[in-house]
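These notes concern the structure reproduced below.
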Amino acid sequence: MWSELLPVGRYDASGGYRRHAWTPADAECRAWFAEQAAARGLAYEVDRNGNQWAWYGDPKGDGAIVTGSHLDSVPDGGAFDGPLGVVSSFAALDALQERGFQPVRPLAVTNFVDEEGARFGVACVGSRLAAGVLTRDQAYDLRDAAGIRLPDAMEAAGQDPALMGKDEERLSRVAAYVELHVEQGRFLAGTPHPVGVASAIWPHGRWRFDFHGEANHAGTTRLEDRRDPMLTYANTVLSARKKARLHGALATFGRVSVEPNGTNAIASLVRGWLDSRAADEATLTALVQEIETAARERAERDGVRADVVRESYTPVVDFDAPLRDRLAARLGAGTPVLPTGAGHDAGILSAVIPTAMLFVRNPTGVSHSPSEYAGEADCLAGTAALADVLEELVCRP
């Protein structure tokens, strides 16, 4: 399964992946998922928001246990973030069947669409829509860098966007969701344990900073006559780094657009996107407020107008304690329990159903990069751990 997915959406120039939602690469990944379901005789369906489901047992049964992750990627992302969870879910189901397991409730493998938000700017679109965190009207307003609307992209890919919305009836039949993911950090790398259990997800969000200046000639405009938004943006980036360090938090400007984007032109608009995360919501709120204040103060000095828009926000997620403890106990004494700063579908769904996560050891801690990696032995250990956990959940009342 792993080797079949590896070439899909790979960008040769970087060695990373560009599997963005509702693109041809995404369609290939979705076709692969449907093929895996068919090969196992699973009941396959696509929900109203484009999420894929493969059912072992009655899709309409109550108390279902669901596992899976996502297949899309960030720009030039790695091979493991998302796909490891989906591949491991199918592999865990295979292992359970080899054991001759006797489930007393349905089991489903899922692929949640547009988890990374790389194309339309909002992460976890499929799970947000299903949980009612993102409304259909809000989804209709999302556009990619080329100006293509999310509903138009969905329709072009064969999905009816008019059906988007909260999937309350479906989720009401789910007893728990367990997501396996490569660790995005190096906590487990310092332990003898290949697999850990998640305790919580840091609160995090995305903010768009628009700096409006005045376009002018780079070779004829005196420095004192300029209203250069690039200076304001650059100062804001440096300020964000300093303030994040002082708060013991994270702040990253990883995406920027410039108009008119000419080498010999002073910019008229610089738009930067801030990703910020912290251990608690009070710290995150204070950090972003300080970054915004610094941006506005610098903008006033530069003769620039600064506008700040919060595009998405996810509060702190404490995973379901009884479920988390049950997983840790099944995996054995000493199993590490650790928080993460990365967002996941499991975090979004935790608002409406019990969720939990397993992390597979990442020797370098690198993620969202072509260098992202997990060893084969650790991946197999993750699959075995997921199979044990699923057996615990689906075979006992």
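Taking region 354-397 as the range and being surrounded by fewer than 19 Cβ atoms within 10 Å (Cβ to Cβ), among the hydrophobic types (A, V, I, L, M, F, W, C) and touching a strand residue (DSSP E or B) at 6+ places or on another chain (Cβ under 9 Å) as the test, the residues that pass are ALA381, ALA384. Considering only residues of region 218-242 that are in contact with a strand residue (DSSP E or B) (Cβ under 7 Å, 6 or more places away or on another chain) and more than 20 Å from ARG305 (Cβ to Cβ), which is surrounded by the most Cβ atoms within 10 Å (Cβ to Cβ)? Looking at residues that are in contact with a strand residue (DSSP E or B) (Cβ under 7 Å, 6 or more places away or on another chain) and more than 20 Å from ARG305 (Cβ to Cβ), I get ARG241.
Does region 164-172 include one or more residues that are surrounded by fewer than 18 Cβ atoms within 10 Å (Cβ to Cβ) and not in a loop (DSSP other than H, G, I, E, B)? Yes; the residues of region 164-172 include at least one that is surrounded by fewer than 18 Cβ atoms within 10 Å (Cβ to Cβ) and not in a loop (DSSP other than H, G, I, E, B).
If a residue counts only when it is under 15 Å from ILE348 (Cα atoms) and of a type in the set (Gly, Ala, Ser), which helices (runs of 4 or more DSSP H) contained entirely in region 55-144 have at least 3 such residues?
Values: elements: 83-99, 125-131, 136-140.
Qualifying helices (runs of 4 or more DSSP H): 125-131.
From the list SER89, SER73, the lone residue that is among the hydroxyl-bearing types (Ser, Thr, Tyr), over 27 Å from LEU323 (Cα atoms) and open to solvent by less than 50 Å² (accessible area, probe 1.4 Å) is SER73. More than 22 Å from GLY205 (Cβ to Cβ), outside any loop (DSSP other than H, G, I, E, B) and in contact with a Phe, Trp or Tyr (Cβ under 6 Å, 6 or more places away or on another chain) - does that describe any residue in region 361-384? No: region 361-384 contains no residue that is more than 22 Å from GLY205 (Cβ to Cβ), outside any loop (DSSP other than H, G, I, E, B) and in contact with a Phe, Trp or Tyr (Cβ under 6 Å, 6 or more places away or on another chain).
Scanning region 270-319 for residues that are open to solvent by less than 30 Å² (accessible area, probe 1.4 Å), under 21 Å from the mean Cα position of the chain (by Cα) and over 12 Å from HIS247 (Cα atoms) yields a count of 6. In the set (1) buried (at least 22 other Cβ atoms within 10 Å of the Cβ); (2) of a type outside the set (Asp, Glu); (3) in contact with a Phe, Trp or Tyr (Cβ under 6 Å, 6 or more places away or on another chain); (4) over 21 Å from ALA91 (Cα atoms), THR340 fails one condition alone, (3).
Just one of the listed residues (ASP160, ASP152, ASP144) is under 21 Å from the mean Cα position of the chain (by Cα) and among the acidic types (Asp, Glu), and it is ASP144. Restricting the first member to region 127-149 and to residues that are free of Cβ contacts under 8 Å to residues at least 60 places away in the same chain and open to solvent by 80 Å² or more (accessible area, probe 1.4 Å), and the second to residues that are of a type in the set (D, E, K, R) and not in a loop (DSSP other than H, G, I, E, B), the beta-carbon pairs closer than 6 Å and six or more apart or on different chains are ARG143/ARG149.
The values are calculated or read from the model by the stated rules, or taken from the named source; none is laboratory data. Everything numeric here is computed off the predicted structure, so don't read it as measured data. All Cβ positions, glycine included, derive from the backbone under ideal geometry; neighbour counts span all protein chains shown. Just so you know, the surface numbers come from the protein's heavy atoms only, side chains and all, with ligands and any DNA or RNA stripped out. Shrake-Rupley method; radii C 1.70, N 1.55, O 1.52, S 1.80 Å.
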